[in-house]
Amino acid sequence: MRILPLTIFCLLTITNLVAQDVEENLKTAKSAYQSGDLVTAKDNLTEAITALDNILGKEILSILPGSLNDVPSVAGKDEIVTNSGIAGLFVERTYQKGENIMIELNITDDSPLVATTNALISNPVMSLITSQSGDKVVKVGSYKGILQKEDGSDDYELMVPFGNSMLSIETKGVKNESEVIQMANTIPLDKIGELLK
């Protein structure tokens, strides 16, 4: 029982330290900018944005479900990647039950796949092409996404653009598409979208 209060204390302390890092980096950036040192100003602004992305990533992880359809998340496997150069913030949570069922859930902010996926969903010609390849346009909450199934396997991939972000769920061992969609519907995309605005 003492572990929970200690964990909460540590998380609050780390969050407070990160917030102080953001403030310190912003002060240093402003000072460097005013003195004409643009490189230092830029570096400190980048560090402040990275620290803010880490805070956002932790908030997103805190509102993600602890399990998807009775498949629990794997402790210690959550990931937050910031400033990758390809996209903005990347948050990943892995769920696993036994050796046969595994789910990887990713949220990517400023994802380059948003425009492509939206084109596949909304363009009738592209929709026809994807449907011929076995992909499906599906509804997840108030959003549309593309569900792909690997031929001859129980592996699915679901991509759902929301705002300028992308939800991606890859499953292994999940038996049918309705289960994948049911899992996706438990993810609070509107709340996550509000955090990433």
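Worth a mention:
- From the list GLY76, GLY36, GLY85, the one residue that fits, being modelled with pLDDT of 90 or more, among the small types (Gly, Ala, Ser), in the same structural domain as LEU167 (by TED's automatic domain parsing) and exposed (fewer than 14 other Cβ atoms within 10 Å of the Cβ), is GLY76.
- Residue list for the range 163-197, filter: among the polar types (S, T, N, Q) and not in a helix (DSSP H, G or I): ASN164, SER165, SER168, THR171, ASN176, ASN185, THR186
- The criterion of at least 1 residues that are hydrophobic (A, V, I, L, M, F, W, C), more than 30 Å from LYS175 (Cα to Cα) and in contact with a strand residue (DSSP E or B) (Cβ under 7 Å, 6 or more places away or on another chain) is met by the following strands (runs of 3 or more DSSP E) wholly inside the range 28-112: 79-81.
- When the range 125-162 is filtered for residues that are modelled with pLDDT under 90 and in a loop (DSSP other than H, G, I, E, B), the ones remaining, listed by number, are SER133, GLY134, ASP135, GLU150, ASP151, GLY152, SER153, ASP154.
The values are calculated or read from the model by the stated rules, or taken from the named source; none is laboratory data. Since the model is a prediction, treat every value here as computed from it, not as a measurement. In this analysis, Cβ positions are derived from the backbone assuming ideal geometry, glycine residues included, and neighbour counts consider all displayed protein chains.
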